[in-house]
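The values are calculated or read from the model by the stated rules, or taken from the named source; none is laboratory data. Keep in mind it's a predicted model, so treat the numbers as computed, not measured. Here the Cβ positions follow ideal geometry from the backbone for every residue, glycine too, while neighbour counts run over all protein chains shown. The protein model used for the area step is the full one, side chains on, heavy atoms only, and it has no ligands, DNA or RNA in it. Shrake-Rupley method; radii C 1.70, N 1.55, O 1.52, S 1.80 Å.
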Amino acid sequence: MNFETYPFEKLSHLLENITPNEEFSPLSLTIGEPQFETPEFIRDALSEQSRLLNKYPKTAGESVLREGMLQYLRNRFELELGDEQIIPTFGTREVLFNFPQFLLYDIENPVMVFPNPFYQIYEGAAKASRAEVVYLNLNEANNFQPEIDEAQLAKVDLVILNSPNNPTSSVMTMEQMKQWVVLALKHDFVLLNDECYADLYFGDPLPSLLNASIEAGNESFKNVLVINSISKRSSAPGLRSGFIAGDASILKEYMVYRTYVGCASPLPMQYAAAAAWADQDHVDLFREKYKKNFEVAKELLGVDTPEATFYIWLKVGDEITFTKELYEKYNLKVLPGSFLGREEEGKGYVRLALVYDAEKTKEALERIKMCMGEINE
């Protein structure tokens, strides 16, 4: 099985023979890992339940965790889901990798659809599932929105959407999501939205694909699923807490499959995650921090604040040369967009993850501004 080299490994190879300018302290805007401290109430919950390390966790998750997640869906999206409509997961990377394998294993010639550029685990899942891939190309011409010729959907088994989007920061409207729900029912494919950045919005709260499913008249969520993670919203990627929610009939069989996967979260982490999922106030504080970062970005680079995420999809021309020069001259790492895309998508862009405080973000963006100025001279 021929897996593509992961983007961060590609970046290491690209920069390995370059000596960065030591006049600047090293900075990196490559990885979407929040650099803010995990809130104290979450850490306290983890510590208080440390005695439970002597017990095996349930694959299905403890009731306290499931209720915290269901409360999150009620508070954030006004969704009333039943216990059979949600499964806690060990973050979302694992579910994005193994759910397609579960869903497609007995299909002779499976077909997966996902955005391009993309979070690379989608491609890994497609390869592990022996699936043909159809790309939803995201570019300036379509305003970075996923579009497809409906005739292609007749043979499709799984569509993964990603709104809010990594890396482009684009956001689908309720109407666009409803259209995808209608297509999923019409052509009988499974539709899954990766919603890990849904809480990092800067205007009105964004809807879930599950909201769109209800609006489209699909109140049972037939063929419709979403995943979400605590990592970005709570600055707690180390808790590895996510969920998949939606179509109960699919999740029932997937739950059986997961009993063999062996990726249940340790009990103290489940209690800490439950506290985080059930609380929204701390997320509001983090959102304000990211909003300040985008204000700095607008001032220095002239880029508009996106609707959501903490990414800037920055157009730079030759993204490989730019990445190397930025590292060599200013000791700053960014991720070339072409490392995240296929068939030329992502070329000409770099992804910036604004995951630091405003002061460090300003320092990094000032270096980018200087480098762009030198290249454009």
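Odds and ends about this structure:
- Of all the listed residues (A278, A248), the sole one being open to solvent by 20 Å² or more (accessible area, probe 1.4 Å), farther than 23 Å from K186 by Cα, of a type in the set (A, V, I, L, M) and touching a helix residue (DSSP H, G or I) at 6+ places or on another chain (Cβ under 9 Å) is A278.
- Considering E307, E295, the condition of being within 27 Å of P7 (Cα to Cα), open to solvent by 50 Å² or more (accessible area, probe 1.4 Å) and at pLDDT 95 or above is satisfied by E307 alone.
- Residue among L70, L79, L96 that is assigned to a helix (DSSP H, G or I), open to solvent by less than 30 Å² (accessible area, probe 1.4 Å) and closer than 28 Å to L136 by Cβ: L96
- Verdict on E215 being in contact with a Lys or Arg (Cβ under 6 Å, 6 or more places away or on another chain) and either farther than 27 Å from D304 by Cα or not β-branched (V, I, T) (or both): yes
- Scanning the range 346-368 for residues that are more than 27 Å from E288 (Cβ to Cβ) and surrounded by fewer than 21 Cβ atoms within 10 Å (Cβ to Cβ) yields a total of 2.
- Within the range 1-24, the set of residues being over 21 Å from Y119 (Cβ atoms) and open to solvent by less than 60 Å² (accessible area, probe 1.4 Å) comprises L15, I18, P20, N21, F24.
- Test: residue in the range 366-377 that is farther than 25 Å from F202 by Cα, in a loop (DSSP other than H, G, I, E, B) and at pLDDT 95 or above: no
- Residue among V256, V283, V261 that is within 22 Å of K55 (Cα to Cα), at pLDDT 95 or above and among the aliphatic types (A, V, I, L, M): V256
- Residue match in the range 82-95 (condition: in contact (Cβ under 8 Å) with a residue 60 or more places away in the chain and more than 20 Å from V261 (Cα to Cα)): yes
- Which listed residue, of I107, I42, is open to solvent by less than 90 Å² (accessible area, probe 1.4 Å), more than 26 Å from L136 (Cβ to Cβ) and of a type in the set (V, I, T): I42
- Residue under evaluation G317, criteria (1) over 25 Å from D83 (Cα atoms); (2) at pLDDT 95 or above; (3) surrounded by fewer than 19 Cβ atoms within 10 Å (Cβ to Cβ), criterion not met: (2)
- Cβ separations smaller than 7 Å between residues 6+ apart or across chains give the following pairs from the range 321-336 residues that are in contact (Cβ under 8 Å) with a residue 40 or more places away in the chain to residues that are open to solvent by less than 50 Å² (accessible area, probe 1.4 Å) and of a type in the set (S, T, Y): K333/S28; K333/T30; K333/Y327; V334/T30; V334/T323; L335/T30; P336/T323.
- Between L185, L200, L191, the distinction of being in contact (Cβ under 8 Å) with a residue 24 or more places away in the chain and open to solvent by 30 Å² or more (accessible area, probe 1.4 Å) belongs to L185 only.
- Evaluation of K329 against (1) in contact with a Phe, Trp or Tyr (Cβ under 9 Å, 6 or more places away or on another chain); (2) open to solvent by less than 50 Å² (accessible area, probe 1.4 Å) (one fails), failing number: (2)
- Cross-chain or 6+ apart pairs with Cβ under 6 Å, the range 286-306 first and under 17 Å from F36 (Cβ atoms), then open to solvent by 60 Å² or more (accessible area, probe 1.4 Å) and part of a helix (DSSP H, G or I): V296/K362
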